Amino acid sequence: MFDRWLYVSTCQLAAGRLEDGVRDIVEVSVLRNRTLDVTGALLFTGQKFTQYIEGPPASIAALKQSICQDSRHSSITTLTYGPFDHRRFLGWSLAYAGPSRFVAAKVEDALNSAISGSEDKTESLAELLAGFVIDGHS
Ligand SMILES: Cc1cc2nc3c(=O)[nH]c(=O)nc-3n(C[C@H](O)[C@H](O)[C@H](O)COP(=O)(O)O)c2cc1C
């Protein structure tokens, strides 16, 4: 059994450092996630991050702790956290998708639904992330 964590957060990287800043995050994440047997996806809208990670419960708990303490983002809102029976991102230590207006609208939508307690949109956001894997980095 795996745990998975899906959240949305607000980027706090300086405007002139977005590209380098996100690249730094992805580089470290790919290596550490591989070590922790974690797979997942990170999507950046230009203002918000949304990330789905999955793996052994102890690994997800350790990563959640690091990620929640990271000052490069704020307002971390958990959409889903808990056990899940299969990996969605098998083979992807962290798929990454860059800024997109289409995605930004979906993230806002999912966030609003999560706040109002609608489970459907949370799943649809996870599926959206899965759809980006083809463009990501393994
Ligand atoms: C939006 C965002 C997503 C992140 N995702 C991951 C991740 O998937 N894996 C990871 O190891 N670190 C990730 N990090 C970086 C961690 O917060 C942390 O800096 C890194 O894991 C090193 O952890 P440590 O400082 O506790 O040693 C992310 C940071 C941000 C801001």
Rounded to the nearest 0.05, FRET efficiency between ARG17 and ASN112 (Cβ-Cβ, R0 25 Å) equals 0.30
For the chain, dividing by residue count, accessible area per residue (probe 1.4 Å) in Å² works out to 51
Shape descriptors of the chain over alpha-carbon atoms, Rg and Dmax in angstrom, are 13.6, 41
Of all DSSP beta bridges having both residues in region 2-135, the percent classed as antiparallel (nearest 5) is 90
Here the gain from full extension of SER74 to THR10, 0.36 nm per residue of separation minus their alpha-carbon distance, amounts to 22.5 nm
Contour minus Cα-Cα span, ALA105 to HIS86, at 0.36 nm per residue, comes to 4.1 nm
Extend 7 Å from the Cα of GLU27 along its Cα-to-C-beta direction; within region 55-98, residues with backbone N under 19 Å of that point are 71-73, 93-98
In terms of the charge dipole of the chain, which places +1 on Lys and Arg and -1 on Asp and Glu at the beta carbon, the residue among LEU63, LEU128, HIS86 farthest towards the positive end is LEU63
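The values are calculated or read from the model by the stated rules, or taken from the named source; none is laboratory data. Just so it is clear, the structure is predicted and the values come from calculations on it, not from any experiment. Counting neighbours? That spans all protein chains shown, and the Cβs are built from the backbone with ideal geometry, glycine included. All accessible areas refer to the heavy atoms of the entire protein, side chains included, with ligands and DNA or RNA removed. Shrake-Rupley method; radii C 1.70, N 1.55, O 1.52, S 1.80 Å.
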